[in-house]
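Values in this text are rule-based calculations from the coordinates and carry no lab data. Only a predicted model underlies this, so the values are computations on that prediction, with no experimental measurement involved. Don't worry about glycine lacking a Cβ; one is built from the backbone with ideal geometry, like all the others, and counts go over all protein chains shown.
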Amino acid sequence: MSVLTEFHWLRPAWLWALLPLALMVWQLLRQSSGASAWEKQCDPHLLARLLVRRTPHHRLPLLLLTVSWVLTVIALAGPVWQKLPQPVFQTQAARVMVLDLSPSMNASDLRPSRIDRARFKMLDLLARFREGQTGLVVFAEEPFVVAPLTDDTKTIAALLPALAP
């Protein structure tokens, strides 16, 4: 990608502050470039004796004002080349999955075993969870927290094969 395609402004509304500068510079240049009242009234050969001609440095303050104004406005507008992710709505839903690890889960009345079916179902559920936090608690005689609430469902999915009655 080109560098120019990634360039953007964080606060582009500040660029409107260049309009007053353009109007001021135009007005000042128009005033200084026009003929003075003496030039309209006197003969040209007498003007050299009457008027003090301005040096090229008389426009230096205008130049400094213009450059500093432009640099300030550009800095305030916030030029950047990398977009930062903007926080958007994220659900704060929390869910806890509970798995029975008692010996009855080894029963072979269903194929595959009950524990394998429960693991498959939990993996399916974890694949669906896109937002919110998920936790895992197992129990047999007493409950045990395998994974506290987390946004990382892949970690819980990696822990499931190790769980057995």
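Straightening the chain between ASP100 and HIS45 buys 8.8 nm, computed as 0.36 nm per residue apart minus the Cα-Cα spacing.
Percent antiparallel among DSSP beta bridges with both residues in the range 87-153, to the nearest 5? Restricted to the range 87-153, the bridges split so that about 40 percent are antiparallel. Here are a few candidate values for Kirkwood radius over Cα pairs in Å: (i) 15.6; (ii) 23.9; (iii) 20.7. Which one was actually calculated from the structure I just gave you? Among (i) 15.6; (ii) 23.9; (iii) 20.7, the one calculated here is (ii). Bridges between two residues of the chain, per DSSP, are antiparallel at a rate of about 50%. Can you tell me which aspartates and glutamates have their Cα less than 12 Å from the Cα of LYS83? Leave out same-chain residues fewer than eight positions away. Straight-distance partners of LYS83: GLU6. Dividing the summed helix terms, -39500 (n - 2.57) for each DSSP H run of n ≥ 4, by the number of residues in the chain produces a 222 nm estimate of -13000 deg cm²/dmol to the nearest 500.
Placing +1 on the Cβ of every Lys and Arg and -1 on the Cβ of every Asp and Glu, with no other charges, gives the chain a dipole of roughly 1000 debye about its Cα centre.
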